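*Asks:* Can you read through this structure? Questions will come right after.
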Amino acid sequence: MPTLQSVLDPAGIQAAHIESLWWLMWWVTVSVFVGVLVTLAIAVRRAPAPRPLASNERGLMRGVVLATAATLVVLIVVLAASVRTGRALQALDVSDAIDVTMAGNQWWWAVEYAHPDPSQRVRTANELHVPVGRPVVINLVANDVIHSLWIPDLDGKMDLIPGRQNQMRLRADRAGVYRGQCAEFCGLAHARMALTVVAEPPAQFDAWLAAQRQLPPPPTSPQAIRGKAVVESGSCALCHTVMGTIAGARTAPDLTHVASRQTLAAGTLANTPDNLRAWLRDPQHPKPGNKMPPPGLSPDDLDAVVAYLETLR
Ligand SMILES: [Cu+2]
């Protein structure tokens, strides 16, 4: 999981438009700032002996009018540039786009790849894969409160609002792994609501999607078999889905291919067996306030569940 994200290192066409606007605004504001300071310095050095204000009223008036006009021009230029950027963002051709729905939840991202055949839909969490060079339309919904999706290397922010559907259109032009985050305060664990975005060559993306469609192979080691039984009979199945098992609930991240993901708990932990064990021992420690209660597994059950979840590639 990348820890850096940057508006100034665009990896896609939308972010590139936004970067141009950023630089324009940077140079405009820097020039205004320098201009004001220089004018101030000149005025201070040349401070004339006090004389009645009325004697120079016309000069003062001209100064005020000029400064107002200059301010207006600057504001109009910036306004025009941002309208143009907004248009450019809308202009992305999405005729052969990948169709994804992302739902914001306190405090994780549900991701679903559309398919006309419902059994071919792919569900995952906290990790978005996109093919390089092909547009992606992301339908944004929220299951509880307002969230905001922000992947600075690829696009600007877009809110996820309960009862509404927003749309983000982006295209990654450079392969890489990018960081996204929730950009709208959404409660206690808001700061730990990150997203991993993997932009990869189309063939690799297709392979990933096909692998996510497969049911995970049934566990073979005795420990993992026991772990599966614990997951199916215990509390896990009340909240999570593991395709091909009786666990089919949707109030928590889909675990069907949990071991294939880079992070646990929306970017909170690197996805290693040790971190998975730590998470299952006490999810409230690494991510205080999140909605998974401590499962209270016995040490043997804990090992078994970790062994099982590690088979879910
Ligand atoms: Cu959020």
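*Asks:* Once Lys and Arg get +1 and Asp and Glu get -1 on their Cβ, which of ASN105, ALA91, LEU238 lies farthest toward the positive end of the dipole of the chain?
*Replies:* ALA91
*Asks:* With +1 on the Cβ of every Lys and Arg and -1 on the Cβ of every Asp and Glu, and nothing else charged, how large is the dipole of the chain about its Cα centre, in debye rounded to the nearest 20? Don't jump to the answer; show the numbers that get you there.
*Replies:* Numbers: 27 positive and 25 negative charges, 254 e Å.
Using only the charged Cβ atoms, the result is roughly 1220 debye.
*Asks:* Sticking with this structure for a sec: Kindly state, to the nearest 0.05, the FRET efficiency for ALA210 paired with TRP23, given R0 = 35 Å and r defined as their beta-carbon distance.
*Replies:* 0.30
*Asks:* Output wanted: per-residue J couplings in Hz (rounded whole) for the range 240-254, from phi through Karplus 6.51 cos²θ - 1.76 cosθ + 1.60, θ = phi - 60°, x for Gly and Pro.
*Replies:* Once rounded to whole Hz, the list reads 9, 10, 10, 4, x, 10, 7, 6, x, 7, 10, 8, 9, x, 5.
*Asks:* Considering amide H positions built from the backbone, and no H for Pro or chain starts, which residues 5 or more places from LEU128, or on another chain, come under 5 Å of its amide H?
*Replies:* Residues meeting the criterion, in which the H sits 1.01 Å from N, are THR196, VAL197, VAL198.
*Asks:* How much net charge surrounds SER95 when only other residues with a Cβ under 13 Å from its Cβ are counted (Lys, Arg +1; Asp, Glu -1)?
*Replies:* Values: positive: ARG134, ARG169, ARG171; negative: ASP93, ASP96, ASP99.
After counting each charged neighbour, the total is 0.
*Asks:* About its Cα centre, how strong a charge dipole does the range 1-106 have in debye, to the nearest 20, once Lys and Arg get +1 and Asp and Glu get -1 at the Cβ?
*Replies:* Here the size comes out at about 1040 debye.
*Asks:* I would also like to ask the following. So for the chain, what are the equivalent ellipsoid semi-axes in whole Å, largest first, each being the square root of 5 times an eigenvalue of the Cα gyration tensor?
*Replies:* Over the Cα atoms of the chain, the semi-axes work out to 53, 22, 16 Å.
*Asks:* Within the chain, which whole H helices from DSSP have a Cα span along their axis of at least 24 Å and a mean Kyte-Doolittle hydropathy of 0.0 or more, if any? Show your work: numbers first, answer last.
*Replies:* On the way: long enough: 13-45 (48 Å, 1.46); 57-90 (50 Å, 1.19).
Qualifying helices, which must be both long enough and hydrophobic enough, are 13-45, 57-90.
*Asks:* Based on the Kirkwood radius over alpha-carbon pairs, what value in µm²/s does the Stokes-Einstein equation return for the translational diffusion coefficient of the range 193-283 at 20 °C and 1.002 mPa s?
*Replies:* Details: Rh = 14.6 Å.
The calculation lands on 147 µm²/s.
*Asks:* Considering only THR39, THR101, THR251, give the residue with the highest GNM mean-square fluctuation for the chain, with springs between Cα atoms whenever their separation is below 10 Å.
*Replies:* THR39
*Asks:* Provide the net charge surrounding VAL130, with neighbours chosen by a C-beta distance below 10 Å and charges set as Lys +1, Arg +1, Asp -1, Glu -1. All intermediate terms of the calculation are to be shown ahead of the outcome.
*Replies:* Details: positive: ARG134, ARG171; negative: GLU200.
Here the count lands on +1.
*Asks:* Non-local amide H neighbours of THR263 (under 5 Å, H modeled in plane, Pro and chain starts lacking H): which ones?
*Replies:* Long-range HN contacts for THR263: ASN271.
*Asks:* Further question: If each residue of separation counts as 0.36 nm, what is the full-extension length gain between SER119 and LEU188 once their alpha-carbon separation is subtracted?
*Replies:* Working: separation 69, 0.36 × 69 = 24.84 nm, distance 3.50 nm.
The span from SER119 to LEU188 would gain 21.3 nm if fully extended.
*Asks:* When the C-alpha atoms of the range 252-313 are aligned to their principal axes, what extent does each axis show, in angstrom, from largest down?
*Replies:* 28, 27, 19
*Asks:* A further question follows. If we count every other residue with Cβ under 10 angstrom of GLN106's Cβ, Lys/Arg +1 and Asp/Glu -1, where does the sum land?
*Replies:* 0
*Asks:* Now for a different question. Sticking with the crude label model, points 7 Å out along Cα→Cβ, report the distance from THR251 to SER233 in nm, one decimal please.
*Replies:* 2.3 nm
*Asks:* Of TRP109, TRP27, TRP150, how do they rank once you tally other Cβ atoms within 10 Å and put the fewest first?
*Replies:* Details: TRP109 26, TRP27 10, TRP150 21.
Sorted ascending by nearby Cβ count, the order is TRP27, TRP150, TRP109.
*Asks:* Using the Kirkwood formula on the Cα atoms of the range 133-248, what hydrodynamic radius do you get, in angstrom to one decimal?
*Replies:* About 17.1 Å for the range 133-248.
*Asks:* Moving on. Please report, in debye to the nearest 20, how large the charge dipole of the range 200-267 is about its Cα centre when each Lys and Arg carries +1 at its beta carbon and each Asp and Glu carries -1 there.
*Replies:* So the magnitude is around 180 debye.
*Asks:* Report relative contact order for the range 219-278 in percent, whole number only (criteria: Cα-Cα under 8 Å, sequence separation at least 6).
*Replies:* Relative CO of the range 219-278 lands at 17 percent.
*Asks:* Follow-up question, since we're still on this one. Using Cα pairs under 8 angstrom and six or more residues apart, how large is the relative contact order of the chain, in percent?
*Replies:* Normalised by residue count, the contact order of the chain is 18 percent.
*Asks:* Answer with one residue from PHE33, SER260, GLY163: the one whose Cα lies farthest towards the positive end of the charge dipole of the chain, charges on Cβ with Lys, Arg +1 and Asp, Glu -1.
*Replies:* Final value for the positive-end residue is PHE33.
*Asks:* Normalised by the number of residues in the range 189-313, what is the relative contact order in percent for Cα pairs under 8 Å and 6+ residues apart? Walk me through the numbers on the way to the answer.
*Replies:* Values: 171 pairs, mean separation 41.9, N = 125.
Relative contact order here is 34 percent.
Here, each number is a calculation from the coordinates, and none is a lab measurement. Quick caveat, the model's predicted, so the values are computed rather than measured. Positions of Cβ are generated from backbone atoms using ideal geometry, with glycine treated the same way; all protein chains shown enter the neighbour counts.
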